[in-house]
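Asker: I have a structure here, written as structure tokens, and I will follow up with some questions on it.
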Amino acid sequence: MGPVELLHMSVFSQSFSPCGRFLAAGNNYGEIALFSLAAALSPDATAANQKPVLTFTAHEGPVFSLLSTDCVLLSSGNGEVSSWSWTELTKKNVKPLWTKRPNYKSGLEIPEINSMVINPRDNSLAIGAGDNNIHILDLEHGAFKATLQGHTDYLHCVCMREREAELLSGGEDGAVRMWDSRTGQCVHCIEVYKYESCARPRYGKWISCLTTDSDWMLCGGGPSLSLWHLRSLSPTSVFPLRGCQRQAAFHQDMILAVGEGAFVSHCLLGGEVKAQIPCTPPSLNTMQLNTKSSEHRVLTVGGGSSNIDVFTNLSYRAFSLSF
């Protein structure tokens with residue numbers, strides 16, 4: 001890849017291997033890079049250990065989402081999802097196990113697939129797509145078994161509220177929908193931009209990030225990042241962060257958030273911004289915490305550059321991996 005492509009690279013997605021020793025990252029050119037965390041975190045690490053051990057083209061368009069199961073890496077691009085064996089990838093064998101395309105209404109449209117989440121109850125994959133729908137793929141039989149319809153614009157994010165068997169989705173229409181994953185029915189719809197404490201009309205109404213922890217939900221995008229109690233369906237805290245947040249996560253007694261701006265925001269549950277830790281990319285799209293290996297427990301963030309920043313301690317950037 002030439003210097004111009006590197007200059008205009010964006011990292012959209014990340015996922016750690018089941019063993020926690022490898023990080024997969026997807027970019028806007030359809031490439032997936034595999035990094036060895038074990039090598040990069042070694043006391044004897046050199047600059048070469050911060051480069052990929054494997055780079056391959058997975059999709060024609062950007063790799064919008066990456067997700068790992070116990071044995072495979074799932075990747076999504078324009079209109080398709082592919083599955084790759086982690087065992088084979090670590091041996092540098094690049095061949096998808098399968099590639100699936102949801103049944104779109106129009107043969108002309110190729111909607112981007114922005115988000116995926118596993119429903120462990122029935123071993124299915126929920127796919128948030130650019131055709132405004134959630135497509136449910138039965139991973140055991142390899143067939144799409146349902147389409148959840150209700151959003152009026154394309155989807156940015158999906159997540160599971162496992163204890164309640166609920167699937168949550170957020171999109172360009174400004175709505176967060178809560179679905180009963182057993183029946184496929186929408187049980188609640190929260191139009192976040194209609195709440196005065198959250199609304200920011202100058203940024204729009206779109207929902208770009210969404211995550212849950214038991215009875216709590218974090219969501220943001222056009223509206224401010226906010227913490228919601230899902231039993232009362234009301235916002236309890238609104239975080240005074242500038243710009244649109246693209247990913248947020250619960251971590252211990254804090255909330256971590258990334259989006260516009262070259263930093264990771266540390267927020268307290270009450271709504272205060274505790275710290276903003278500087279990063280290399282000018283803006284951030286993706287953030288991952290490696291909880292799969294105590295030996296390689298790191299936070300990694302990527303966005304508008306070819307670098308992926310690695311935090312061995314949440315308070316400072318240790319080094320950067322790069323495509």
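Asker: Name the single residue that is farthest from CYS157 (Cα to Cα) among those in the stretch 238-274 being of a type outside the set (A, V, I, L, M, F, W, C) and under 15 Å from the mean Cα position of the chain (by Cα). Steps first, please.
Answerer: Residues of the stretch 238-274 of a type outside the set (A, V, I, L, M, F, W, C): 240, 242-243, 245-247, 251-253, 259-261, 265-266, 270-272, 274.
Among the residues that remain, those that are also under 15 Å from the mean Cα position of the chain (by Cα) are: 245-247, 259.
On the way: GLN245: 12, ARG246: 10, GLN247: 9, GLY259: 14 Å.
Among those residues, the one meeting the criterion is GLY259.
Asker: Since ARG246 meets every condition but one in (1) open to solvent by 40 Å² or more (accessible area, probe 1.4 Å); (2) farther than 24 Å from LYS205 by Cα; (3) touching a residue at least 40 places away in the same chain (Cβ under 8 Å), which condition does it not meet?
Answerer: (2)
Asker: Would you point out which residue out of ALA39, ALA48 is in a helix (DSSP H, G or I), farther than 21 Å from ASN119 by Cα and open to solvent by 60 Å² or more (accessible area, probe 1.4 Å)? Let's see the steps before the verdict.
Answerer: On the way: ALA39 fails: open to solvent by 60 Å² or more (accessible area, probe 1.4 Å).
The conditions single out ALA48.
Asker: On to the next question. Do the conditions hold for ARG163, that is, is it basic (Lys, Arg), assigned to a strand (DSSP E or B) and in contact (Cβ under 8 Å) with a residue 24 or more places away in the chain?
Answerer: Values: basic (Lys, Arg): yes; assigned to a strand (DSSP E or B): no; in contact (Cβ under 8 Å) with a residue 24 or more places away in the chain: yes.
In short, no.
Rundown of residues vs (1) among the aromatic types (Phe, Trp, Tyr); (2) farther than 28 Å from SER214 by Cβ; (3) free of Cβ contacts under 8 Å to residues at least 40 places away in the same chain, yes/no style:
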{"residue": "LEU97", "(1), (2), (3)": "no, yes, yes"}
{"residue": "ASN103", "(1), (2), (3)": "no, yes, no"}
{"residue": "ALA126", "(1), (2), (3)": "no, no, no"}
{"residue": "ILE134", "(1), (2), (3)": "no, no, no"}
{"residue": "ASP138", "(1), (2), (3)": "no, no, yes"}
{"residue": "GLN149", "(1), (2), (3)": "no, no, yes"}
{"residue": "CYS159", "(1), (2), (3)": "no, no, no"}
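Asker: Restricting to strands (runs of 3 or more DSSP E) lying wholly in the stretch 56-151: which have 2 or more residues that are among the β-branched types (Val, Ile, Thr) and surrounded by 15 or more Cβ atoms within 10 Å (Cβ to Cβ)?
Answerer: Working: elements: 65-68, 72-76, 81-85, 98-100, 113-119, 124-129, 134-138, 143-148.
Result: 113-119, 134-138.
Asker: Would you check if there is a residue in the stretch 171-188 being assigned to a strand (DSSP E or B), among the charged types (D, E, K, R) and surrounded by fewer than 22 Cβ atoms within 10 Å (Cβ to Cβ)?
Answerer: The initial filter retains those residues of the stretch 171-188 that are assigned to a strand (DSSP E or B), namely 171, 175-180, 186-188.
Filter once more, so that each one left must be among the charged types (D, E, K, R): 177, 180.
Remaining after also requiring surrounded by fewer than 22 Cβ atoms within 10 Å (Cβ to Cβ): 180.
Among the residues of the stretch 171-188, at least one is assigned to a strand (DSSP E or B), among the charged types (D, E, K, R) and surrounded by fewer than 22 Cβ atoms within 10 Å (Cβ to Cβ), which makes the answer yes.
Asker: Looking only at residues in the stretch 238-258 that are polar (S, T, N, Q) and more than 15 Å from THR212 (Cβ to Cβ), which one is modelled with the highest pLDDT? It would help to see each step written out before you state the result.
Answerer: Initially, the stretch 238-258 is screened for residues polar (S, T, N, Q), giving 245, 247, 252.
Those still in the list that are more than 15 Å from THR212 (Cβ to Cβ) too: 245, 252.
Working: GLN245: 97, GLN252: 91.
Going through the qualifying residues, I end up with GLN245.
Asker: Go through the stretch 16-30 and count every residue that is surrounded by 21 or more Cβ atoms within 10 Å (Cβ to Cβ) and either assigned to a strand (DSSP E or B) or on the phi > 0 side of the Ramachandran plot (or both).
Answerer: So the first thing to find is which residues in the stretch 16-30 are surrounded by 21 or more Cβ atoms within 10 Å (Cβ to Cβ), and the list is 16-17, 22-27.
Now narrow it down to the ones that are either assigned to a strand (DSSP E or B) or on the phi > 0 side of the Ramachandran plot (or both): 16, 22-27.
Residues in the stretch 16-30 being surrounded by 21 or more Cβ atoms within 10 Å (Cβ to Cβ) and either assigned to a strand (DSSP E or B) or on the phi > 0 side of the Ramachandran plot (or both): 7 in total.
Asker: Same structure again: Please go through the stretch 151-183 and give me each residue that is at pLDDT 95 or above and at positive phi, ordered by number.
Answerer: Of everything in the stretch 151-183, just one residue is at pLDDT 95 or above and at positive phi, namely GLY174.
Asker: Would you please name the residue that is most open to solvent (accessible area, probe 1.4 Å), looking only at residues in the stretch 1-15 that are touching a residue at least 60 places away in the same chain (Cβ under 8 Å) and outside any helix (DSSP H, G or I)?
Answerer: MET1
Asker: I'd like the full set of residues that are touching a Phe, Trp or Tyr at 6+ places or on another chain (Cβ under 7 Å) and surrounded by 20 or more Cβ atoms within 10 Å (Cβ to Cβ), limited to the stretch 232-243.
Answerer: If the condition is that a residue be touching a Phe, Trp or Tyr at 6+ places or on another chain (Cβ under 7 Å) and surrounded by 20 or more Cβ atoms within 10 Å (Cβ to Cβ), then PRO235 is the only one that fits.
Asker: Ok, one more. Looking at the stretch 203-231, which of its residues are of a type in the set (Gly, Ala, Ser), open to solvent by 20 Å² or more (accessible area, probe 1.4 Å) and modelled with pLDDT of 95 or more?
Answerer: Selection gives GLY204 alone.
Asker: In the stretch 259-273, how many are surrounded by fewer than 17 Cβ atoms within 10 Å (Cβ to Cβ) and either closer than 12 Å to PRO240 by Cα or at pLDDT below 95 (or both)?
Answerer: The number of residues fulfilling the criteria is 4.
Asker: Against the definition (crowded, with 17+ Cβ neighbours inside 10 Å, touching a Leu at 6+ places or on another chain (Cβ under 8 Å) and not charged (D, E, K, R)), how does LEU167 come out, yes or no?
Answerer: Details: crowded, with 17+ Cβ neighbours inside 10 Å: yes; touching a Leu at 6+ places or on another chain (Cβ under 8 Å): yes; not charged (D, E, K, R): yes.
Taking the combined requirement at face value, the residue satisfies it.
Asker: Now for a separate question. Where residues in the stretch 274-293 are open to solvent by less than 60 Å² (accessible area, probe 1.4 Å), at pLDDT 95 or above and touching a Gly at 6+ places or on another chain (Cβ under 6 Å), which of them is farthest from LEU225 (Cα to Cα)?
Answerer: Of everything passing the filter in the stretch 274-293, ASN290 is farthest from LEU225 (Cα to Cα).
The values are calculated or read from the model by the stated rules, or taken from the named source; none is laboratory data. These numbers come from a predicted model, not from an experiment. Positions of Cβ are backbone-derived with ideal geometry, glycine not excepted, and every protein chain shown enters the neighbour counts. Surface areas here come from the heavy atoms of the whole protein model, side chains and all, with no ligands, DNA or RNA. Shrake-Rupley method; radii C 1.70, N 1.55, O 1.52, S 1.80 Å.
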